[in-house]
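Read the structure below first, then the notes.
The values are calculated or read from the model by the stated rules, or taken from the named source; none is laboratory data. These figures come from a predicted structure and were not determined experimentally. Using ideal geometry, Cβ is built from the backbone for each residue, glycine included, and neighbour counts are taken over all protein chains shown. Keep in mind that these areas ignore ligands, DNA and RNA; they rest on the heavy atoms of the full protein, side chains included. Shrake-Rupley method; radii C 1.70, N 1.55, O 1.52, S 1.80 Å.
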Amino acid sequence: MIHSLIFTILAVISTVNAFYIPGIAPTSYKEGDQISLLVNHITPSVFHEGKNKEDFVYSFDYYHPKLHFCQPKKLEKQPESLGAIIFGDRIYNSPFEITMLKNETCKSLCASTYPKEDAGFTNKFIENGFFYNWLIDGLPAARRLHDERTKSDFYGAGFELGFLDKEGKAHLDNHFDIQIEYHKREDDQLRIVGVTVEPHSWSRTEAECSAQEYQPVFISPTEDTNVVFTYDVSWIPSDTLWATRWDKYLHVYDPKIQWFALINFSLIVVCLSMVMAHILVRALKSDISRYNEVNLDDEFQDESGWKLVHGDVFRSPKNLLLLSILVGSGIQLFLMAFTTIGFALLGLLSPSNRGSLATVMFILYALFGSVGSFISGSIYKFFGGEKWKLNLILTPLLVPGGILATFAFLNFFLIAVKSSGAVPAGTLLAIVVIWFVISVPLSAVGSILALKKEQLSQPVRTNQIPRQIPTQPLYLKTIIVALVAGIFPFGSISVEMYFIYSSLWFNRVFYMFGFLFFCFILMAITTSLVTVLMTYYTLCAENYRWQWRSVFIAGGCAIYVFIHAIFLSKFSLAGFTTIVLYVGYSLLISVLAFILTGSIGFLASLFFIRKIYSAVKID
Ligand SMILES: *[C@@H]1O[C@H](CO)[C@@H](O)[C@H](O)[C@H]1NC(C)=O
């Protein structure tokens, strides 16, 4: 027993060591150095770039046997970080021979035969706009693009497998003109600062690139097709410094429009919030002075409004255990997102650190388990929950376990279609072990601290007998309020959603962290304000069951997040697996958004209620 335990832990430590983070320090080269070209998975393109295409949301291995791409003599998988594995990077070596500063023309790569049975497989990927993702010195091989609006050139990471001609026939690219930009430093060190590829489709029988025009390659479904792969390499001197080599890749497509939309919307949100806050503060001031005056005179009691429910407002809600766990987990998610975006904003997560974003997210999520459990335990204790051990055990397991279970379930579909995005079972196991080694003990510490800490006091005493709740007006129905209130927080993040999804589904680099940070803060503020206002009206209607209501009202934006994700796909998803994966992940994201915003709303309401009930005198 003990032996096997030690063995497991050793195995995990060695796996953790294998997750390294490459690409922080620059690599310098000399003339004549061998440069390796690495190949990553082939990925689908962003929604509807081509005509009549269906969308895939999962990627495939570069050396998928049916693709028949040229293989090196000895295939080697590159070590990757945990985050990169989760995000689906599968990087291998390749047979390209590239030598520093040595130009090549028409170098032969290999000749490959496509049997007629496999033609459909490759052609399907060309038709649906799949991309190559090659890497040289940590830089993605890019296609050159031009932005008409800003009249600037920029690079788009990756390039298409082939193209469609006017008749819609797919042609595979088999000649690659690789252009590598290098920068020569004063000390004669050479650094790679840009990689672009111009692909061509040339049908020929020998490895030749004559001036004459070739027909494009067509992989026939009726007979076997021979394809000869060749490439050129040209080294182009450049003034770009190594430190700024990513700038050309991180071109914001339309910066003006985006900022315009955001500022426009934020102004509306800020104005509305100010109006809301103003109304709320005025109403509260007059309420509080009225309540306190009446008490002084001690004549007839003007008992109406929220003061009436003072004996019930801190009554323990139904399913307190679940509520406290969700709120704790929501705050854990919030802190993770906030800190990750903050790190990225400070430039600590450079895009050349493939997968580092996901790795950092995972580690932060595990660490913030302590805060999550502390909050969960505190809330549970505040409302007089008694099964604190259950709270301690379930808080670090329920939501993370749910996420992992969904992930593992969807992973089966990826395995079934032989996608390279499928996470190996060993990695999943490593995640579970890391979870139990890091996060669960930290969470237990958080829970115990919450238990030991001086009780957060309730400002008013709770009556023995619950009050009758009068019939509530229709417009205060939770679902209606949630739908209306959810518009505000969703509005503040909707602009970003498209970019988050395209980096998630289509391997696009996400870089607008400043923007995202701003939106995230705006979302937290609007969520709190809207929920507090709605909680106020709820209490004024003498309904003291505000706890779950505040969670649902604040979480209302999750409904929009889901609907938005579904509409974004424009219902052109390719086949059953894509639909399951797309809807499954969208649902997971929406549920997490619900937990995150719901907990913000709940805590804001709790804070607000404690404040207002400490301000009135109650005899
Ligand atoms: C390689 O090709 C590029 C572009 O054609 C050219 O600018 C460069 O001078 C060439 N380098 C050598 C060493 O011939």
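For segment 219-250, the candidate set comprises residues that are within 30 Å of R191 (Cα to Cα) and small (G, A, S); within that set, the residue that is surrounded by the most Cβ atoms within 10 Å (Cβ to Cβ) is S238. Taking segment 211-259 as the range and being more than 16 Å from the ligand (Cβ to nearest atom), among the aliphatic types (A, V, I, L, M) and modelled with pLDDT of 90 or more as the test, the residues that pass are V227, V228.
How many of the residues making up segment 110-153 are assigned to a strand (DSSP E or B) and open to solvent by 30 Å² or more (accessible area, probe 1.4 Å)?
First, pick out the residues of segment 110-153 that are assigned to a strand (DSSP E or B): 110-114, 131-136, 139-140, 142-147, 152-153.
Still in the running and open to solvent by 30 Å² or more (accessible area, probe 1.4 Å): 110-111, 113, 143-146, 152-153.
Number satisfying all stated conditions: 9.
Return a yes/no flag: does segment 542-558 have any residue that is assigned by TED's automatic domain parsing to the domain that holds L322, more than 20 Å from V460 (Cα to Cα) and among the basic types (K, R). Looking for residues that are assigned by TED's automatic domain parsing to the domain that holds L322, more than 20 Å from V460 (Cα to Cα) and among the basic types (K, R), one finds at least one in segment 542-558, hence yes.
Taking segment 405-426 as the region of interest, how many residues are loosely packed, with under 15 Cβ neighbours inside 10 Å and assigned to a helix (DSSP H, G or I)? Step through it out loud before you land on a result.
Of segment 405-426, the ones loosely packed, with under 15 Cβ neighbours inside 10 Å are 405, 408-409, 412, 415-416, 418, 424-426.
Subsequent filtering for residues that are assigned to a helix (DSSP H, G or I) retains 405, 408-409, 412, 415-416, 425-426.
Residues flagged as loosely packed, with under 15 Cβ neighbours inside 10 Å and assigned to a helix (DSSP H, G or I) within segment 405-426 amount to 8.
Condition check: in the same structural domain as T222 (by TED's automatic domain parsing) and touching a His at 6+ places or on another chain (Cβ under 8 Å). Does Y132 satisfy that? First the steps, then the outcome.
Values: in the same structural domain as T222 (by TED's automatic domain parsing): yes; touching a His at 6+ places or on another chain (Cβ under 8 Å): no.
Taking the combined requirement at face value, the residue does not satisfy it.
Here Y511, Y501 are screened, and the one residue that is of a type in the set (F, W, Y), surrounded by 15 or more Cβ atoms within 10 Å (Cβ to Cβ), assigned to a loop (DSSP other than H, G, I, E, B) and within 15 Å of the chain's Cα centre (by Cα) is Y511.
Checked against the criterion of being assigned to a helix (DSSP H, G or I), closer than 26 Å to I487 by Cα, within 24 Å of the chain's Cα centre (by Cα) and at pLDDT 85 or above, the candidates S599, S605 yield just one match: S599. Can you tell me how many residues in segment 467-491 are open to solvent by 60 Å² or more (accessible area, probe 1.4 Å) and assigned to a helix (DSSP H, G or I)? Residues flagged as open to solvent by 60 Å² or more (accessible area, probe 1.4 Å) and assigned to a helix (DSSP H, G or I) within segment 467-491 amount to 7. Each residue in segment 98-129 was checked for being touching an Asp or Glu at 6+ places or on another chain (Cβ under 7 Å) and more than 16 Å from the ligand (Cβ to nearest atom), and 6 of them qualify. Here is the figure for segment 149-180: residues that are away from the ligand (no atom under 16 Å from the Cβ) and farther than 26 Å from N226 by Cα total 9. Among the residues of segment 75-97, the one identified as in contact (Cβ under 8 Å) with a residue 40 or more places away in the chain, more than 23 Å from S28 (Cβ to Cβ) and either within 16 Å of the ligand (Cβ to nearest atom) or open to solvent by 50 Å² or more (accessible area, probe 1.4 Å) (or both) is F87. If you go through segment 416-469 and keep only what is in contact with a Pro (Cβ under 8 Å, 6 or more places away or on another chain) and of a type in the set (S, T, N, Q), you end up with S439, S443.
Of all the residues in segment 189-210, those that are free of Cβ contacts under 8 Å to residues at least 40 places away in the same chain and either within 16 Å of the ligand (Cβ to nearest atom) or not in a loop (DSSP other than H, G, I, E, B) (or both) number 1.
For segment 87-106, indicate whether the set of residues that are at negative phi, of a type in the set (D, E, K, R) and within 35 Å of the chain's Cα centre (by Cα) is non-empty. I'd like the intermediate steps shown before the answer.
Taking segment 87-106 and keeping what is at negative phi, we get 87, 89-100, 102-105.
This time we only want the ones that are of a type in the set (D, E, K, R), so: 89-90, 97, 102, 104.
Subset that is within 35 Å of the chain's Cα centre (by Cα): 89-90.
Looking for residues that are at negative phi, of a type in the set (D, E, K, R) and within 35 Å of the chain's Cα centre (by Cα), one finds at least one in segment 87-106, hence yes.
Being in a helix (DSSP H, G or I), in contact with a Ser or Thr (Cβ under 7 Å, 6 or more places away or on another chain) and over 24 Å from L428 (Cα atoms): is that true of S373 here? No: the conditions fail for S373. Would you say S329 is at pLDDT 85 or above, assigned by TED's automatic domain parsing to the domain that holds V445 and open to solvent by less than 60 Å² (accessible area, probe 1.4 Å)? Spelling it out, S329 is indeed at pLDDT 85 or above, assigned by TED's automatic domain parsing to the domain that holds V445 and open to solvent by less than 60 Å² (accessible area, probe 1.4 Å). When segment 387-404 is filtered for residues that are farther than 28 Å from F60 by Cα and either open to solvent by less than 40 Å² (accessible area, probe 1.4 Å) or outside the structural domain of A425 (by TED's automatic domain parsing) (or both), the ones remaining, listed by number, are N391, L392, T395, P396, V399. Looking at F571, F607, F576, can you tell me which residue is free of Cβ contacts under 8 Å to residues at least 12 places away in the same chain and under 20 Å from L284 (Cα atoms)? Checking each option against the conditions leaves just F607.
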